[in-house]
Amino acid sequence: MNYTEAVAAALKGCVELPEEELFALLETPKNPSMGDIAFPCFKLSKLLRKAPNAIAAELKEKIVLPAGIERAEAVGPYLNFFIEKGQQAQTVLTKVLDAGKAYGGSDEGKGRHVVLDYSSINIAKPFGFHHLPSTAIGNALYRIYRHLGYDPVGVNHLGDWGTQFGKMIVAYRKWGEKPVDQYGIRELVDLYVRYHKEAEEHPEMDEEARAWFHRIETGDEEAVALWKQMKDATIREVKKTYARMGVQFDSWAGESFYEDKMEPVIRELKEKGISKLDKGATIVDLSEWNMPPCIILKSDGSTIYATRDLAAACYRKETYDFAKLLYVVAYQQDLHFKQIFKVLELMGRDWVKDCVHVNFGMVSMEGGAFHTREGKVLYLDDVLDAAVEKTYEIICEKSPDLEDKRSAAEAVGVGAVIWGALYNSRIKDVVFSYDKVLNFDGETGPYAQYTHARCCSVLRKAGGYDRGALDASVLSDPYSLALLKAIDGFPAAVKAAGEKYEPYLVARAVMAVCTAMNKFYYEIRIMADDEKERTARLALTDAARQTIEIGLNLLGIQAPERM
Ligand code: ARG
C-alpha cells in the first residue's frame, strides 16, 4: 500500500464515502510546505451540508493516522497530510534499488497479449522521416507494455501488395542494370520515379504493369520471384535502421500475407447482408454513421487496403487472442480506422472494443527538406546520420578525452531524434530541428543521457557504496527530497503511459528525475564527510541513475555510461 492508499483507508474510518472515491479525491498540494497529500472537503460539504473548513477541522480530530504519516493539519477547506520524511526516504530508496531493472514495471498485464501495428512501411518506397513517429511511438509502447508484464506482439504491416509492384517490375525489366536483390531502397525509388515520368508519355506501360501485377497475384514464378526479391532487399535495408533505433518486430506479415485470408471475410459480409453491390463494387454503406462507404471490392473485383485490414484484424484475434490491438498510424487515417472498426462491429466482432487507433500528428523538418541528398523525400537514415555527425562534433568539443566517441555519438544522436518524436503528446504536430533536439541543456534526450552519465561518473569515482549501511532518514534537505519524489513518481507515469498510449508521459517523468538530479548535484555535496550522509546520497544518485536508464530504455533510447 502506498501513502495515498493508506490515507484513503484511514479516511474511510470517519467519512461515509467508498474508499475508491476517497482515493480519487486526494490531491498533491502545489506547495510542498503544505504537506504531501491533501484531502479537499468540498464534496463532503455538499453531502453533510456543513462548511468545508469545519469538516476539515473535525476530521483532523477524528482521524487515526496510518503508519508513515507524521501529522495532519486542517488548512481552510483542506486536510493536509505530512509523510514522515525519514521513513519515506528509506522506503522509496529500498523499493527502487531492490527492484533493479524492473523498477516502474508491474505484472498487471500478465498472460495478456497486446498486438502493436507500427512503422508498417511500404516496400520499394523510401523509409522516410515521416515514419519516425509511428516507429518511435510503437516501439516505446511495445517496451512499456513489456515492462507492465504484458506479452506484446510487434507487427510490421508491410505495404507489400498492389499494382505499384507491377510498375516496379516493368521499370526494372526496362532499365534494371543488376540483379534485383542487389538494389537498395533509393535505387528502387529511382526506378519508380522514372517509371512515372515515362508512363506519362507511354500510357501503354500502365497496361503492362497491370498485367505484371496480375501475374504476381496468380503466382507466376518469374513475377513472384522479382516481387519477393524487391521485398527482401527493402527489408534487409530497413532492418539496419531499425537496429540503430532498437526497434524489433515479432511479425512482418504485411498486406500480401492476407491475400488468401480475405475471402471468408468478404463472404461473411455478403451472407450477413452487411455489404451490397454499388455500380459493380462491393461496399458497406456507412451513411447512417456519417461516413463514406467502406469499399470491400472494386468494380474490377480486386481487394483494397481496407479489405486486407479487415482480414488482418480477424487473423490477429484468432492468432494472438489479444487484450488490445493498437494501430500506431498517423491521424490522416482516422477515417479509415473508424470505417474498419465500424464494419467489424457490424460483423458482430465484439472484440472491436479492444482495437484502438493510436494516432499522431505530423513531423516536419524546420526549414523544409533541404537536408535530403536527393529528391523531395527526407530519408530517416539521413536524419539519423546528420544527428550523429553533429553529435560527434559536440562530443569532440565537450569531452575530448572520451575513448569511444563514435559509439557515444551514435547512441546520443539517434537517441536525440527518438526523444524529439516522443517528448510531446502524440497528437501534436512536431517541427523538428537539429539544434533543438541536440541542445545538451534543453529538455532533450542528450540532456537525459548526460545526466545518466553524470550519475555513473559520481558512483564510479566514489567506488560504490555500502547498501547494507543505508539509513536514508538523513536525507532531509529539500533537494534530496525533491529528487526522491521525482523517482517515486516514475511507476505511475509508466502505468499512465500504457493506459493512455502516451510514451511522452515516460519521457516527462525521466526529465523530472533529471532536472531534480542536477539540482541535487549542484546544491548538495554528495561526497559528504559524514559516512551516513555520503552513503545515503550515493544511494539516491544510484536510484536516479537507474530510473533514468530504465526510462530511456522504455523509449528505445540507449543510456551510455560515459559521454
Ligand atoms: N503502410 C501504411 C502506410 O504507409 C500504414 C499501414 C498501417 N497499418 C495498417 N494495418 N493499416 O500508410
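The values are calculated or read from the model by the stated rules, or taken from the named source; none is laboratory data. Keep in mind that what you see is a predicted model, and the values were worked out from it rather than measured. We place every Cβ from the backbone using ideal geometry, glycine too, and count neighbours over all the protein chains shown. Accessible surface areas use protein heavy atoms only, side chains included; no ligands, DNA or RNA. Shrake-Rupley method; radii C 1.70, N 1.55, O 1.52, S 1.80 Å.
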Set the Förster radius R0 to 35 Å, insert the Cβ-Cβ distance between Ala102 and Asp435 as r into 1/(1 + (r/R0)^6), and round the FRET efficiency to 0.05. 0.45
Want the number for Ser476 to Glu5: 0.36 nm per residue separation, take away the alpha-carbon distance, what's left? 167.2 nm
proj_area_mean for region 161-256 (convex hull on C-alpha atoms), units nm², value 6.6 nm²
The chain: angle of helix 380-398 to the longest principal axis, Cα-based, in degrees nearest 10: 40 degrees
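Sorted from largest to smallest, which semi-axis lengths in Å does the alpha carbon gyration tensor of the chain give for its equivalent ellipsoid, taking the root of 5 times each eigenvalue?
52, 33, 18
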Suppose R0 equals 30 Å; then what is the FRET efficiency for Leu17 and Glu443 from their Cβ-Cβ distance, rounded to the nearest 0.05? 0.15
Under the rule rounded for a/c under 1.5, else prolate if a/b exceeds b/c, else oblate, using alpha carbon gyration tensor axes a ≥ b ≥ c, region 288-342 is classed as oblate
Subtract the Cα-Cα distance of Arg173 and Asn424 from 0.36 nm times their separation in residues, and report this length gain in nm to one decimal. 85.8 nm
Cβ charges +1 (Lys, Arg) and -1 (Asp, Glu), total dipole of the chain, debye: 940 debye
For region 80-187, state which trypsin sites (Lys or Arg not before Pro) are in a DSSP loop and have at most 11 other beta carbons lying within 10 Å of their beta carbon. Lys110
Using per-residue counts of other Cβ atoms within 10 Å, averaged over each peptide, order 265-273, 23-31 from highest down. 265-273, 23-31
Carbon and sulfur %, accessible surface of region 1-133 computed with the full protein complex present, 1.4 Å: 54 percent
If you take the square roots of the eigenvalues of the alpha-carbon gyration tensor of region 1-103 and sort them as a ≥ b ≥ c, do you get rounded (a/c under 1.5), prolate (a/b over b/c) or oblate? prolate
Stretched out fully, how many nm does the piece from Lys95 to Glu389 gain, at 0.36 nm a residue minus the Cα gap? 101.9 nm
Between helix 164-175 and the chain, what is the angle of the helix's C-alpha long axis to the longest principal axis, kept within 0 to 90° and rounded to the nearest 10? 60 degrees
When DSSP assigns beta bridges and you keep just the ones with both residues in the chain, what percent turn out antiparallel, to the nearest 5? 50 percent
Here the equivalent ellipsoid of region 240-288, derived from its Cα gyration tensor, has semi-axes (largest first, whole Å) of 36, 13, 10
Take the Cβ-Cβ distance between Lys228 and His130 as r, set R0 to 25 Å, and report the resulting FRET efficiency rounded to the nearest 0.05. 0.45
Please name which of Met34, Ser433, Ala486 has its Cα lying farthest along the dipole of the chain towards the positive end, using unit charges on Cβ (Lys, Arg +1; Asp, Glu -1) and the Cα centre as origin. Met34
If I fit a long axis through the Cα atoms of helix 221-244 and take the longest principal axis of the Cα atoms of the chain, what angle between them do I get, 0 to 90°, rounded to 10? 20 degrees
Note down, for region 471-520, the three equivalent ellipsoid semi-axes (square root of 5 times each alpha carbon gyration tensor eigenvalue), biggest first, whole angstrom. 25, 11, 5
Between Ala211 and Ser302, how many nm apart are label points set 7 Å from Cα along the C-beta direction? 1.5 nm
What does the charge dipole of region 191-292 about its Cα centre add up to, to the nearest 20 debye, if the Cβ of each Lys and Arg holds +1 and the Cβ of each Asp and Glu holds -1? 580 debye
Specify whether the C-alpha gyration tensor of region 358-497 places it in the rounded, prolate or oblate class, a ≥ b ≥ c being the square roots of the eigenvalues: rounded for a/c under 1.5, otherwise prolate if a/b is larger than b/c and oblate if not. oblate
Please work out, to two decimal places, the log10 of the ratio I(q)/I(0) at q = 0.19, 0.29, 0.31 Å⁻¹ from a Debye calculation in which every Cα of region 508-556 carries one identical scatterer. -0.62, -1.04, -1.12
For the chain: accessible area per residue (Å², 1.4 Å): 46 Å²
Could you work out what % of the accessible surface of region 440-525 is carbon and sulfur, using a 1.4 angstrom probe and leaving DNA, RNA and ligands out of the count? 53 percent
From the cross-link list Lys125/Lys178; Lys174/Lys298; Lys376/Lys436; Lys125/Lys353, which pairs have alpha carbons spaced over 28 Å apart? Lys174/Lys298; Lys125/Lys353
Cα-based Rg of region 282-430 per 2.2 N^0.38 Å, rounded to two decimals? 1.48
Rough spin-label spacing in nm, given labels placed 7 Å along Cα→Cβ, for Asn553 and Ala243: 2.1 nm
Within region 114-205: Cβ-based charge dipole about Cα centre, in debye rounded to nearest 20 (Lys, Arg +1; Asp, Glu -1): 220 debye
From the residues Tyr465, Thr547, Ala507, which one has its Cα farthest along the dipole of region 451-563 in the positive direction, the dipole being from +1 and -1 charges on Cβ of Lys/Arg and Asp/Glu about the Cα centre? Ala507
